[in-house]
Amino acid sequence: MSLTRYTRPVDGQVRLLTKVARMYHERGVRQADIASALNISQAKVSRLLKRAETLGIVRTIVTVAPGVYAELEEQLEERYGLAEAVVVDVDPDADERELLASVGAGAAAYLEATLSGSERIGVSSWSQTILAMVDRMRPFTVRAATEVVQLLGGVGAPEAQSHSNRILGELARMLGAEPVYVQAPGVVADPAIRDSLLRDPSMQDVAQHWNDLTMAIMGIGSIEPSDVLATSGNAFATEEREGLLAQGAVGDICHRIFRADGTLVRGELDDRIIAIPVENLMRIPRRVGVAGGQRKLEAIHGALAGGWVTTLVTDLRSAEELAGR
């Protein structure tokens, strides 16, 4: 706060406004003590402080802390209709491992600052960025969410499935929430198998949880799978990826493939996926996309263009390129 010189003729009210403002903002006197010292009520002190702001006697000045890119975040929010953008400072020379760690840490800090305790959270379970986030979270001292639910099939090759289970289990433990696993693979051989699995009572129960989510935390994937996904048994085959590229695919969220303009690539591949339906996903009020780096840039842009996410956590260089498009 700063006090500005008042140019109107000084009367008793203006003098009192200024005195109260100086006591509160410059000397740090509590409102109750101001009231006692000036023989007025605490309610009147509060009204005088608000009046001082209205008249311009007190003005608010925001000093941006180092490493906070408020203006750039606001540009992304305005350009893409985001509720919130979180830009993370990453060394320009950082390799992919360091970038993952930094973006993951930024996402962890965002969650720690914004969770209220009542959220029902869906999580994409094959994302290295989400795993980096979980690895950098600290346990909450009070319950931060009621449940954490896998958004797509979590069964796969044992060595890779441990990553998927770790994301969900560790996040649930950190938040004091109940974990809900999807006991099925993310991709199956044909639509008939997918339909059969979805009719299973355990999947029916998961589907009910999908209907009730208030928040989703999701990695944004490029068409080339991550190391974890590539070894999980849940990645599309090379010829399938080539077919997707021919249809203009640039990325995916929870195995739902989209083009550069964000439109969904439907077809036989989409009918073999065990994951939250797109319609259900888009109804989740807060959808947080966590991704960064040049390799993911087209996928992130497609996700923003299609409204797949309402909040984006990304690195500084990616944010600058996205804001300039």
**Study point:** Pairs where the first residue, in segment 298-311, is free of Cβ contacts under 8 Å to residues at least 12 places away in the same chain and over 14 Å from Leu264 (Cα atoms) and the second is assigned to a loop (DSSP other than H, G, I, E, B) and among the aliphatic types (A, V, I, L, M), C-beta under 9 Å, 6+ apart
**Key:** none
Exercise for review: Go through (1) assigned to a helix (DSSP H, G or I); (2) at pLDDT below 85 and name the single condition Ser46 misses.
Suggested key: (2)
Review point. Would it be correct to say that Val313 is within 16 Å of the chain's Cα centre (by Cα), more than 27 Å from Leu197 (Cβ to Cβ), among the β-branched types (Val, Ile, Thr) and outside any loop (DSSP other than H, G, I, E, B)?
Key: yes
Exercise for review: Kindly indicate whether any position in segment 106-127 is surrounded by 15 or more Cβ atoms within 10 Å (Cβ to Cβ), under 30 Å from Thr18 (Cβ atoms) and touching a residue at least 24 places away in the same chain (Cβ under 8 Å).
Suggested key: no
Exercise for review: Kindly indicate whether Thr7 is at pLDDT below 85, of a type in the set (Ser, Thr, Tyr) and within 30 Å of Asp91 (Cβ to Cβ).
Suggested key: no
Practice item. Report, by residue number, each residue of segment 114-148 that is at pLDDT 95 or above and of a type in the set (S, T, N, Q). Key: Thr146
Revision key, fill the gap. For segment 149-170, the count of residues that are part of a strand (DSSP E or B) and either hydroxyl-bearing (Ser, Thr, Tyr) or modelled with pLDDT under 90 (or both) equals 1
Review point. So which residues in segment 69-87 are hydroxyl-bearing (Ser, Thr, Tyr) and either part of a helix (DSSP H, G or I) or without any contact (Cβ under 8 Å) to a residue 24 or more places away in the chain (or both), if there are any at all?
Key: Tyr80
Check your understanding: Is it true that some residue in segment 267-287 is buried (at least 23 other Cβ atoms within 10 Å of the Cβ), within 16 Å of the chain's Cα centre (by Cα) and modelled with pLDDT of 95 or more?
Key -> yes
Review point. Looking at segment 97-147, which of its residues are in a loop (DSSP other than H, G, I, E, B) and of a type in the set (Lys, Arg)?
Key: Arg136, Arg138, Arg143
Exercise for review: Being within 13 Å of Gly176 (Cα to Cα) and either of a type outside the set (Gly, Ala, Ser) or touching a residue at least 40 places away in the same chain (Cβ under 8 Å) (or both) is the filter here, so list the residues in segment 130-144 that pass it.
Suggested key: Met137, Arg138, Pro139, Phe140, Thr141, Val142, Arg143
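Identify all residues within segment 147-162 that are surrounded by fewer than 23 Cβ atoms within 10 Å (Cβ to Cβ) and either closer than 22 Å to Val309 by Cβ or touching a Phe, Trp or Tyr at 6+ places or on another chain (Cβ under 6 Å) (or both); write none if there are none.
Hit for segment 147-162 is Glu147, nothing else.
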Point to revise | Flag for Tyr181 being touching a residue at least 40 places away in the same chain (Cβ under 8 Å) and surrounded by 14 or more Cβ atoms within 10 Å (Cβ to Cβ) | key: no
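The values are calculated or read from the model by the stated rules, or taken from the named source; none is laboratory data. Just so you know, these numbers come straight off a predicted model, no measurement behind them. Don't worry about glycine lacking a Cβ; one is built from the backbone with ideal geometry, like all the others, and counts go over all protein chains shown.
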